[in-house]
Amino acid sequence: MAMVNQYVPGREGDISAADAALIKRRAELLGPAYRLFYEKPLHIVRGEGVWLYDPEGNAYLDVYNNVASVGHCHPHVVAALSKQAAILNTHTRYLHETIVEYAARLLAKFPPALKHVMFTCTGSEANDLALRIARSHTKGTGVIVTKLAYHGLTVAIAELSPSLGDYIERGPNVKLVAAPDTYRIDGDVGAAFTAGVRQAIAEMQAEGIKPCALLVDGIFSSDGVFPGQPGFLRQAVEAMRAAGGIYIADEVQPGFGRVGPEFWGFARHGLVPDIVTVGKPMGNGHPMAGAIMQPRLVEEFGRRSRYFNTFGGNPVSCAVGLAVLDVIENEGLAANAGKVGTYMREGLERLAARHDIIGDVRGAGLFLGVEFVKDRRTKEPAPEETARVVNDLRRRKVLISATGPGANILKIRPPLVFTREHADIFLDAVGQSLAGL
């Protein structure tokens, strides 16, 4: 997947001497694998709410960062982190009330069948753990993911993340299915997606591979943001379960109220997953994640394999997690995501009525996708124009990114504290940028 807003060395333009020196030093010390956003990289020194600030004090509206889900440096979260860090931080082999309190609060957000949580530090670790448990329970190895999925960076999970690029070889037991592209599929999207899953299962069985899991992000964010109609995912999940596999819901990106009052991407489909993985917004930037599961799945795994994670579930992380839940609940952020997300989507649809480059507007809550096309009839992706808009918005001090196989879909997922006023700033900037095309 091309990165339309990626910095390319040698195109520094009007970058300051200090930032140019920092870019050079960063490359020397971190090596060639790291990337920077935007043609003109952004130097950030402070964050507050929905705003990020550069060294000169210029404020940038963050319309992309789902990690700081309750807002950058939320005072309640910072206070909880600081207080616990000043008292104790250690691992989970000692008794500590906070991990138990947080586990109970977190599990209360899930369907009753999901009764266990195992803590990690990253979503990659959570998906890796989920895969280990799934293999133990099903005795299978075959996993189905979408064609441009991203599920993490460990060796096992990178093989399930085709969005990382062709250099990462797909695992021999991994089957790819087309994303539920609601813009291009005519007719029943759920039926089309289910047909792909059934075909992948049939291919596994023909190759002597026992199905293990269907692993999907509930909003198909890396594939291009395809929330679809509620319920369309159900038949595909049933097909995997009928084949002896399980359903792993990757909620690292859509979870914790981002899709609106449903709170989780899977909840939009009326589903109860076998395992759910969470991360990123769970700690509002603090590295914490986890896997939530139905008890029957972990019975054998727990008997035969001990689980230990030095930092997963530590007292500081659990204090942070509790504070994030406090903020989401006390400030009504899931409901806010639904209301402000609808307001933003309607505003983007009005822009689409004036600009033919916008082929489709879609989303759920504060997770939106805007697809740019060269021609609405052919639906040919417009990556160059998308890159121009993304970088022009950065110049207008509005931060956004793009995704999808054609690198032509604006990926919109601001902090959940986004208001209508912030949405108006964003919509006005997008309108000006499109007018400039």
Note to self: with every protein chain in place and a 1.4 Å probe, the chain gives an accessible area per residue in Å² of 43
At q = 0.13 Å⁻¹, the log10 of I(q)/I(0) for the chain from a Debye sum over equal Cα scatterers comes to -1.23
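Counting only DSSP beta bridges with both residues in the chain, what percent are antiparallel, rounded to the nearest 5?
Antiparallel bridges: around 65 percent, rounded to the nearest 5.
R296 to E329: FRET efficiency via 1/(1 + (r/R0)^6), r the Cβ-Cβ distance, R0 35 Å, to the nearest 0.05?
With a Förster radius of 35 Å, E is 0.70.
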Violations at 22 Å Cα threshold for listed pairs K280/K411; K339/K411; K115/K147; K147/K379 -> K115/K147
Most packed first (mean Cβ within 10 Å per residue), the peptides 71-82, 102-113, 86-97 order as 71-82, 102-113, 86-97
Share of accessible surface on carbon and sulfur in region 266-382, whole %, 1.4 Å probe and ligands ignored, is 47
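Rounded to the nearest 0.05, what FRET efficiency do R304 and I168 give with R0 = 41 Å and r taken as the Cβ-Cβ distance? Could you check?
My answer for the efficiency is 0.85.
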Computed from the beta carbon distance with a Förster radius of 45 Å, FRET efficiency for Q229 and Y94 to the nearest 0.05 stands at 0.40
Cross-link reach from K374 to aspartates and glutamates, straight Cα distance under 13 Å and at least 8 residues apart if same chain, gives D356, D360, E384, E385
Quick calc of log₁₀ I(q)/I(0), region 157-298, Debye, one scatterer on every Cα, no solvent, q values 0.10 1/Å, result -0.34
Summing -39500 (n - 2.57) over every DSSP H run of at least 4 residues in the chain and dividing by its residue count gives a helix-only mean residue ellipticity at 222 nm, to the nearest 500 deg cm²/dmol, of -12000 deg cm²/dmol
PRE zone check, label point 7 Å out along Cα-to-Cβ of E346, amide N under 17 Å, scope region 382-426, hits 419-426
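When Lys and Arg each count +1 and Asp and Glu each count -1, what net charge do the other residues less than 12 Å away from G152, Cβ to Cβ, add up to?
Around G152, the charge tally is -4.
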Stretched fully, the stretch from D188 through D428 gains (0.36 nm per residue minus C-alpha distance, one decimal, in nm) 82.9 nm
Of D360, D62, D166, the most mobile residue in a GNM of the chain (C-alpha springs, cutoff 10 Å) is D166
So R25 and E421, fully extended at 0.36 nm per residue minus their Cα-Cα distance, gain in nm 138.7 nm
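So what's the net charge close to A113: Lys and Arg +1, Asp and Glu -1, counting the other residues with Cβ under 15 Å from its Cβ?
Net local charge, A113 excluded: +2.
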antiparallel share of DSSP beta bridges within region 235-374, to nearest 5, in %, is 75
Counting only protein heavy atoms with a 1.4 Å probe and every protein chain in place, the carbon and sulfur fraction of the accessible surface of region 99-256 in whole percent equals 53
Note to self: C-alpha centroids of region 238-309 and region 313-391 sit apart, in Å, by 22
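The values are calculated or read from the model by the stated rules, or taken from the named source; none is laboratory data. Keep in mind the model is a prediction, meaning the values are calculated, not measured. Cβ coordinates were reconstructed from backbone atoms using ideal geometry, including for glycine residues, and neighbour counts include every protein chain displayed. Heavy atoms of the whole protein, side chains included, go into the accessibility calculation; ligands, DNA and RNA do not. Shrake-Rupley method; radii C 1.70, N 1.55, O 1.52, S 1.80 Å.
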